[in-house]
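Input: a single structure, listed below in structure tokens.
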Amino acid sequence: MAHRHEEQLIQLTQKLLDCIAAGDWTTYQELCDPSLTAFEPEARGVLVHGLPFHKYYFDLEKQPSPTRTTIVAPHVRSVGTDAAVVSFIRLVQHVASDGTPVTARFEETRVWQRREGQWRHVHFHRSSNS
């Protein structure tokens with residue numbers, strides 16, 4: 001995979017994480033395949049299929065708090081010409097209700113597939129806070 005595609009995938013992954021932090025369901029739907037699958041701590045070890053499970057969290061009212069998501073040490077692995085795996089550490093910074101700055105850390109793997117020239121997020125695996 002050319003360096004250009006690696007940068008594009010890292011930027012798409014950052015856009016995905018930013019829309020999650022912002023509660024931007026429209027962008028999340030644009031980036032994710034409707035058949036998205038996931039293993040994540042909220043699912044308690046169950047493989048989640050589709051977007052409805054994730055929409056629940058977007059629909060929750062959020063406290064106004066500045067949030068920043070940073071991708072650390074990204075690694076992009078090409079799987080043929082139309083699929084790629086992006087693995088990285090995700091740092092999420094926010095301010096707790098008592099005003100204390102908090103940073104959470106997760107290990108993540110995001111799988112992207114190119115269909116009709118557009119990259120779509122099709123699977124992910126996120127660890128619990130390490």
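Just so you know, all these numbers are worked out from the coordinates, no wet-lab data involved. Fair warning: this is a prediction, and the values are worked out from it, not measured in the lab. Methodologically, a virtual Cβ is constructed for each residue, glycine included, from the backbone with ideal geometry; neighbour enumeration extends over all protein chains shown.
Sum -39500 (n - 2.57) across every DSSP H segment of at least 4 residues in the chain, then divide by the residue count to get the 222 nm mean residue ellipticity, nearest 500. List each step's numbers first, then the result.
On the way: 3 runs with 35 residues, N = 130.
About -8500 deg cm²/dmol.
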In nm, the gap between the two label points placed 7 Å beyond Cα toward Cβ at T26 and Q113 is 2.7 nm
Can you tell me which of 84-95, 41-52 comes out highest on packing, and rank the rest after it, using the mean Cβ neighbours within 10 Å? 84-95, 41-52
How far apart, in nm, are the 7 Å Cα→Cβ label points at R4 and D59? 4.2 nm
Segments 14-27, 69-82 sorted - mean Cβ within 10 Å per residue, highest first: 14-27, 69-82
Helix 3-22 sits at what angle to the longest principal axis of the chain, using alpha carbons and giving 0 to 90 degrees rounded to 10? 30 degrees
Suppose a student asked you for the relative contact order of the chain, using Cα pairs under 8 Å spaced at least 6 residues apart; what percent would you report? 24 percent
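Given R₀ = 41 Å, what would the calculated FRET efficiency be for L47 paired with V72, taking r from the Cβ atoms and rounding to 0.05? Kindly include the intermediate steps, with their values, before the conclusion.
Values: r = 26 Å, r/R0 = 0.64.
Calculated value: 0.95.
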How big is the dipole moment of the stretch 3-126 about its Cα centre under a simple scheme where the beta carbon of each Lys and Arg is +1, that of each Asp and Glu is -1, and everything else is neutral? Debye, nearest 20, please. 220 debye
Under the 7 Å Cα-to-Cβ spin-label approximation, D18 and S35 lie apart by a distance in nanometres of 3.0 nm
